[in-house]
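The values are calculated or read from the model by the stated rules, or taken from the named source; none is laboratory data. Given the structure is predicted, the values throughout are model-derived calculations rather than measurements. Because the Cβ atoms are built from the backbone with ideal geometry, glycine has one as well, and the counts that use them run over all protein chains shown. To get the accessible areas, we keep the full protein, side chains included, count just its heavy atoms, and leave off ligands, DNA and RNA. Shrake-Rupley method; radii C 1.70, N 1.55, O 1.52, S 1.80 Å.
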Amino acid sequence: MTPEMRRTAEILRTISRDERIKEVVRTSPLLYPLLLTAAKRYVAGETRADAMKIAQRLEKNGLPSIR
């Protein structure tokens, strides 16, 4: 993992743990699309339903997933 990727992952983890930051990001027309694009590399979707669909697809392709 490159230093840039590590830093991006660190920032996303910080955001995911802070409710105030999450609210600012969710309501920002600039930040939300930008961070969503970056987050897609690390998460399976915006909702639990999205994540379950991805997990099922991965399992069908022979990749175990966490449920």
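Taking every residue in the stretch 20-37 that is in contact (Cβ under 8 Å) with a residue 12 or more places away in the chain and closer than 20 Å to Met5 by Cβ and pairing it with any residue that is of a type outside the set (Phe, Trp, Tyr) and part of a helix (DSSP H, G or I), at least 6 positions away or on another chain, the pairs with Cβ-Cβ distances below 6 Å are Leu35/Val25. Would a scan of the stretch 17-34 turn up a residue that is within 9 Å of the chain's Cα centre (by Cα), at pLDDT below 90 and surrounded by 13 or more Cβ atoms within 10 Å (Cβ to Cβ)? Among the residues of the stretch 17-34, not one is within 9 Å of the chain's Cα centre (by Cα), at pLDDT below 90 and surrounded by 13 or more Cβ atoms within 10 Å (Cβ to Cβ), which makes the answer no. Filtering the stretch 54-67 to residues that are part of a helix (DSSP H, G or I) and not polar (S, T, N, Q) leaves Ile54, Ala55, Arg57, Leu58, Glu59, Lys60.
The condition of being outside any helix (DSSP H, G or I) and out of contact with any Pro (no Cβ under 9 Å at 6 or more places or on another chain) does not hold for Ala51.
Among the residues of this structure, Ile11 counts as one that is assigned to a helix (DSSP H, G or I) and touching a Leu at 6+ places or on another chain (Cβ under 9 Å).
Residues in the stretch 35-48 that are assigned to a loop (DSSP other than H, G, I, E, B) and open to solvent by less than 60 Å² (accessible area, probe 1.4 Å): Ala44, Gly45. When the stretch 3-16 is filtered for residues that are open to solvent by 60 Å² or more (accessible area, probe 1.4 Å) and not small (Gly, Ala, Ser), the ones remaining, listed by number, are Pro3, Glu4, Arg6, Arg7, Glu10, Ile11, Arg13, Thr14.
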